[in-house]
Amino acid sequence: MLRILRLLSYAAVALALWIAALQLELSRNAHLCVLAAPVAAVVLFGLYMLALLAHGVATYRDCPAEAASLQQDIAWALGELTAQGVIGPNPLPEVSE
């Protein structure tokens, strides 16, 4: 909850600064830049999020030991459920690696 409050306070400060900049007597080009600032901020934020996503995908770690352990747990659970008659034999197709 604290993170959202901090984000909202930053947004309120940015909005107040933007409204104050709109009230200034500026040249036409500077006024157009002030008007376009929120669009530029959203585009830059989107590019930042895209870069974070790309970095997360590029540095994602594989855990082959954990994958093997998970496959063993799944096989054990399927064996138990089959033995108890909850499911029929071979309910899931084999996964090839």
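Any read-out appearing in this document is the output of simple, stated calculations on the displayed coordinates, not a laboratory observation. Computed from a predicted structure; not experimentally measured. Cβ placement follows ideal geometry from the backbone for every residue including glycine, while neighbour counts extend to all protein chains displayed.
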What is the magnitude of the charge dipole of the chain about its Cα centre, with +1 placed on the Cβ of each Lys and Arg, -1 on the Cβ of each Asp and Glu, and no other charges, expressed in debye to the nearest 20?
760 debye
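Do the sum for the chain: with -39,500 (n - 2.57) for every DSSP H run of n ≥ 4, divided by all residues, what is the mean residue ellipticity at 222 nm, to the nearest 500 deg cm²/dmol? Don't jump to the answer; show the numbers that get you there.
Values: 3 runs with 73 residues, N = 97.
My calculation for the chain gives -26500 deg cm²/dmol from helical runs alone.
Give me the number: length gained by fully extending Tyr48 to Leu17, i.e. 0.36 nm times residue separation minus the C-alpha to C-alpha distance, one decimal in nm.
Details: separation 31, 0.36 × 31 = 11.16 nm, distance 2.21 nm.
Answer, rounded to one decimal: 9.0 nm.
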For the chain, list the DSSP H helices whose alpha carbon atoms reach 15 Å or more along the long axis and whose average Kyte-Doolittle value is 0.5 or above?
2-23, 28-58
Could you tell me which residue out of Ala12, Ala68, Ala41 lies farthest along the dipole of the chain toward its positive end? Charges go on the beta carbon: Lys and Arg +1, Asp and Glu -1, centred on the Cα centre.
Ala12
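Kindly put Arg6, Arg28 in sequence by how many other C-beta atoms sit within 10 Å of each C-beta, fewest to most. Write out the running numbers ahead of the final one.
Details: Arg6 10, Arg28 7.
Ordered from fewest to most neighbouring Cβ atoms within 10 Å, Arg6, Arg28 come out as Arg28, Arg6.
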Please work out whether the stretch 2-58 counts as rounded, prolate or oblate from its C-alpha gyration tensor, where a ≥ b ≥ c are the square roots of the eigenvalues and a/c under 1.5 means rounded, while otherwise a/b larger than b/c means prolate and anything else oblate?
oblate
For the chain, what are the per-bin percents of Cα-Cα distances with bins 5 Å wide, up to the bin holding the maximum?
2, 9, 9, 11, 10, 8, 7, 7, 7, 7, 6, 6, 5, 4, 2, 1, 0
